[in-house]
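Below is one structure; the comments refer to it alone.
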Amino acid sequence: MISGVFISLSFTDVFGDLFASDSDRENVVDPNSDIIAAQATIVSQNPDDLEDILLLANLLGNSNRLGEAIPLYEQALDMSPEDISARVSFARALADGQLVADAELQFEIAVEVDPENQQAHYYLAELYMNWTPVRQGEAVVHYRRAAEIDSTTLIGERSRTQLQTLGADVPPPSPEVQSTPVEATP
């Protein structure tokens, strides 16, 4: 009872039909279709705008439309090969699409170009932990590096937790930023 109104939800209302066939799932309307269409229009009007291209690629990738996203990610990386954020986004979309070898390559390039990129290390470690069979030794190396870069971030904390869970050595926490005490004025 919420504010005098009884709400009745079924399991299917909350979690969806777990037993629906693939053809039933294909007929589901993409809630992002209007946003994707609008962003596609923006990209067609501004074909050299890297941020607009990446936004459309990310929208498509997050909507299980990886086949449409890949050429946009490639276009963005052709425009700006040193853009680590774009490369990590591309790698994550590839990983989500089960293109693990391609994702690994993109993460490795990101780490090579920017060895201090915490996200690239962390998500590469996550990729290795989801690999079949699990590549735990390699994952530990990248979790450790992500934790060393900055243990105070969410990714740094998660990396430390993963290392502890795996029974691996955990690097000491990053030094806290020390503030200078403010003296009281008389």
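A few points about this structure:
- Cβ-based charge dipole, the stretch 33-106, positive-most Cα from A101, L50, L72: A101
- The stretch 115-174: mean projected area of Cα convex hull, nm²: 3.5
- Calculated Rg and Dmax of the stretch 33-106 using C-alpha coordinates, Å: 11.5, 34
- Summed side-chain charge close to F90 - residues other than F90 whose Cβ falls under 10 Å, Lys, Arg +1, Asp, Glu -1: -1
- Local electrostatic count at L154 - Lys and Arg +1, Asp and Glu -1, tallied over other residues with Cβ under 15 Å: -1
- Relative contact order for the stretch 115-174, counting Cα pairs under 8 Å that sit 6 or more residues apart, in percent: 31
- Amide hydrogen proximity for S174: with H placed 1.01 Å from N in the peptide plane, the residues at 5 or more positions away or on another chain lying under 5 Å are S151, T152.
- Principal axis box of the stretch 34-186, alpha-carbon based, largest edge first, Å: 59, 57, 28
Since every read-out is calculated from the coordinates, none of them should be taken as a lab result. What you see is a predicted model, and the numbers here were worked out from it, not measured in a lab. Note that each Cβ is placed from the backbone with ideal geometry, even for glycine, and that neighbours are counted across all protein chains shown.
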